[in-house]
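Data block below; observations after.
The values are calculated or read from the model by the stated rules, or taken from the named source; none is laboratory data. Since the model is a prediction, treat every value here as computed from it, not as a measurement. Here the Cβ is made from the backbone with ideal geometry for all residues, glycine too, and neighbour counts use every protein chain on show.
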Amino acid sequence: MPDGEVMNNERLEYLGDAVLDAIISDFLFNSFPDKDEGFLSKLRSRIVKRTQLNQLAEKMGIHKLLVSNTEHGNGVKNVYGDALEALVGAVYLDRGFQRARKFVLERVLNKYIDLEALISQEADFKSRVIEWAQKEKKDISIETQEIYQEDAKVPVFFSRVRLGEQVLGEGTGSSKKEAEQNAAEIAYYQYLVFH
């Protein structure tokens, strides 16, 4: 902060997350004028998802600057992405939106993200999880239920990926397929990639 006041890192993460979403949304909207909302949303989510932010923070060397009491492991990796979001929030507070935009586009997106690779990235995580389970002879189940909310005109779907009794991932979506893919993606990155 300009006056040297200490700021809660979680507040900076919250702000940085919103600023990052706005910058990436604006960039994709202008970069892909012929693409629909579904394409833009999926591509944005691939750029700002937790695993991607963690990897970006490592590539940028942010992990070398952190002091944490957390044990080494998956939890620590999430701290990297949180720190990147906090950094974006701090740049925004200190220098404004245009400087934050320039920082994200020049120092992060253009330098470390291969958009073409993200666009062509195979995103059928449900199939990946099922294939892994078959190969490893594990019992994976995907449970999905429809949830009706009071004020909502359409239902929301909630999915959970289980390995026996252990929950590997949960996700929601406007369709059963979307909810299952979201849950499977979390299971894939949070559990299968690291085990």
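Looking only at segment 173-195, which residues are over 11 Å from Lys126 (Cα atoms), among the hydrophobic types (A, V, I, L, M, F, W, C) and assigned to a helix (DSSP H, G or I)? Leu192, the sole residue that qualifies. In a residue-by-residue description of segment 148-164, the property of being farther than 23 Å from Lys42 by Cα and among the hydroxyl-bearing types (Ser, Thr, Tyr) applies to at least one position.
For segment 1-40, the set of residues classified as polar (S, T, N, Q), modelled with pLDDT of 85 or more and exposed (fewer than 13 other Cβ atoms within 10 Å of the Cβ) consists of Asn30, Ser31, listed by residue number. Just one of the listed residues (Ala86, Ala100, Ala117, Ala133) is on the phi < 0 side of the Ramachandran plot, surrounded by 12 or more Cβ atoms within 10 Å (Cβ to Cβ), modelled with pLDDT under 90 and of a type in the set (Gly, Ala, Ser), and it is Ala133. Scanning segment 60-67 for any residue that is modelled with pLDDT of 95 or more, on the phi < 0 side of the Ramachandran plot and not aliphatic (A, V, I, L, M) turns up nothing.
Counting only helices (runs of 4 or more DSSP H) wholly contained in segment 71-172, the ones carrying 1 or more residues that are more than 19 Å from the chain's Cα centre (by Cα) occupy 74-95, 97-102, 125-136.
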